[in-house]
Amino acid sequence: YNSIISSYAKANDPPGAEAAFNLHFSNGSVTPDVVTFAILVDASARVGDTSSALKWVERMKECGLKPNRVCHNAVMSSYARQGEAMKAIAYLQQHDQDRDIVTYNCIISAFANQGDGKSAYHWLKNAHVRRLRPDQFSYQTVLHAFAMAGDYVTAHEEFARMLSNSIK
């Protein structure tokens with residue numbers, strides 16, 4: 001059943017994913033699991049429908065399941081797509097979760113979408129402090145944020161740092 005729901009999610013069709021969920025799980029013969037809800041959260045987040053993503057996180061909890069990092073990162077990614085950096089940070093702080101570089105990339109991306117290179121860079125440094133290894137996306141997003149703000153000097157400095165960290 002998760003494969004059917006996932007096919008709708010991959011087609012950016014959250015209503016179709018929800019209809020498939022309701023069809024397969026409404027009679028109680030099959031029980032949704034963490035993967036089922038992660039697919040639904042991600043489907044909503046991919047199209048920037050944060051309220052629906054949050055709804056799925058709540059339904060997951062109502063079913064006695066604990067949202068995982070994938071779910072939390074999807075919600076933060078949805079906020080990032082909308083340039084809602086402070087909402088992404090608030091969500092992160094509300095949910096005690098195991099953070100990875102994707103978690104930080106969501107916050108970095110949110111600030112980049114606002115053209116706030118300094119804050120994006122702050123979160124990149126924060127990832128380093130937590131002994132996470134920023135990836136190509138991390139650096140490119142920070143470079144993009146500085147470039148959007150017209151701060152080309154800092155963008156060039158960060159590019160040099162990226163190369164010195166063997167990120168290409």
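Here are the numbers for the structure shown:
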item: Those residues of region 51-73 which are small (Gly, Ala, Ser) and open to solvent by less than 10 Å² (accessible area, probe 1.4 Å), in sequence order; result: Ala53
item: Qualifying position, being small (Gly, Ala, Ser) and in contact with a Ser or Thr (Cβ under 8 Å, 6 or more places away or on another chain), among Gly16, Gly48; result: Gly48
item: Filtered residues of region 34-75 (kept if closer than 15 Å to Ala17 by Cβ and of a type in the set (D, E, K, R)); result: Asp42, Arg46, Asp49, Lys55, Arg59
item: Check on Ser78, touching a residue at least 12 places away in the same chain (Cβ under 8 Å), buried (at least 16 other Cβ atoms within 10 Å of the Cβ) and more than 25 Å from Met148 (Cα to Cα); result: no
item: Test: residue in region 90-107 that is within 26 Å of Val153 (Cα to Cα) and among the β-branched types (Val, Ile, Thr); result: yes
item: Answer residue from region 83-98, given it is open to solvent by 90 Å² or more (accessible area, probe 1.4 Å) and more than 14 Å from Trp123 (Cβ to Cβ) and is modelled with the highest pLDDT among those; result: Lys87
item: Filter result for the condition that a residue is within 28 Å of Val142 (Cβ to Cβ) and open to solvent by less than 50 Å² (accessible area, probe 1.4 Å), over Gly48, Gly16; result: Gly48
item: Residues that are closer than 15 Å to Tyr104 by Cβ and either of a type in the set (S, T, N, Q) or in a helix (DSSP H, G or I) (or both), drawn from region 127-156; result: Ala127, His128, Val129, Gln136, Phe137, Ser138, Tyr139, Gln140, Thr141, Val142, Ala145
item: Residue check for Val102: modelled with pLDDT of 90 or more, within 30 Å of Lys66 (Cα to Cα), open to solvent by 10 Å² or more (accessible area, probe 1.4 Å) and over 17 Å from the mean Cα position of the chain (by Cα); result: no
item: Hits in region 157-168 (condition: in a loop (DSSP other than H, G, I, E, B) and more than 16 Å from Ile101 (Cβ to Cβ)); result: Lys168
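The values are calculated or read from the model by the stated rules, or taken from the named source; none is laboratory data. Worth saying up front: this structure is predicted, and the values here are computed from it rather than measured. Backbone-built Cβ (ideal geometry, glycine too); neighbour counts: all protein chains shown. These accessible areas exclude ligands, DNA and RNA; they are computed on the full protein's heavy atoms, side chains included. Shrake-Rupley method; radii C 1.70, N 1.55, O 1.52, S 1.80 Å.
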